[in-house]
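So the structure is just underneath, and the comments pick up after that.
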Amino acid sequence: MASVMISCMSVCKPAACSLAESNGNPVGIIGSSRDITGKKRAEEAWEEAFAQIEANIYQASLLNDQIRNPMAVIMGLADLEGGERMEKIINGVKKRDDIITRLDRGVLESELIRACM
């Protein structure tokens with residue numbers, strides 16, 4: 001049976017059955033309803049959380065690519081240049097790569113969480 005909004009404050013799930021005499025003539029109806037407002041709110045919160053996880057995974061993946069690709073070019077140019085400046089640049093790129101690697105792990109963990117939802 002479908003859910004029904006009552007006074008725009010609660011969501012109720014109705015249930016009803018008819019009463020009949022032994023010859024089949026209807027004599028009444030028995031009904032009840034159960035407030036499922038909390039359940040509906042929890043479902044909505046879950047859907048919002050799931051959508052946010054999806055958006056975060058997508059954004060983190062894009063960000064990782066947008067940072068890693070230029071860093072690879074910087075690393076290649078620094079390697080070509082050589083010298084003392086090269087070492088500083090390469091060390092800086094490695095530090096940032098470590099940060100991106102941690103972000104990648106976070107994305108993987110989020111994907112695992114999403115799979116369990």
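Observations, loosely collected:
- Answer residue from the range 56-89, given it is of a type in the set (A, V, I, L, M) and touching an Asp or Glu at 6+ places or on another chain (Cβ under 7 Å) and is nearest to Arg105 (Cα to Cα) among those: Ile57
- Hits in the range 64-117 - residues which are under 18 Å from Ala51 (Cα atoms) and either free of Cβ contacts under 8 Å to residues at least 60 places away in the same chain or out of contact with any Phe, Trp or Tyr (no Cβ under 6 Å at 6 or more places or on another chain) (or both): Gly106, Val107, Leu108, Glu109, Ser110, Glu111, Leu112, Ile113, Arg114, Ala115, Cys116
- Candidate set: the range 12-39, residues that are hydroxyl-bearing (Ser, Thr, Tyr) and part of a strand (DSSP E or B); chosen: the one surrounded by the most Cβ atoms within 10 Å (Cβ to Cβ): Ser33
- The single condition among (1) at pLDDT below 85; (2) over 30 Å from Ala42 (Cβ atoms); (3) surrounded by 10 or more Cβ atoms within 10 Å (Cβ to Cβ) that Gly82 does not meet is (3).
- Selected residue [within 30 Å of Val11 (Cβ to Cβ), in a helix (DSSP H, G or I) and polar (S, T, N, Q)] from Gln59, Gln52: Gln52
The values are calculated or read from the model by the stated rules, or taken from the named source; none is laboratory data. Being a predicted model, the structure only gives us computed values, none of them experimental. Every residue, glycine as well, gets a Cβ built from its backbone with ideal geometry; the counts of neighbours run over all protein chains shown.
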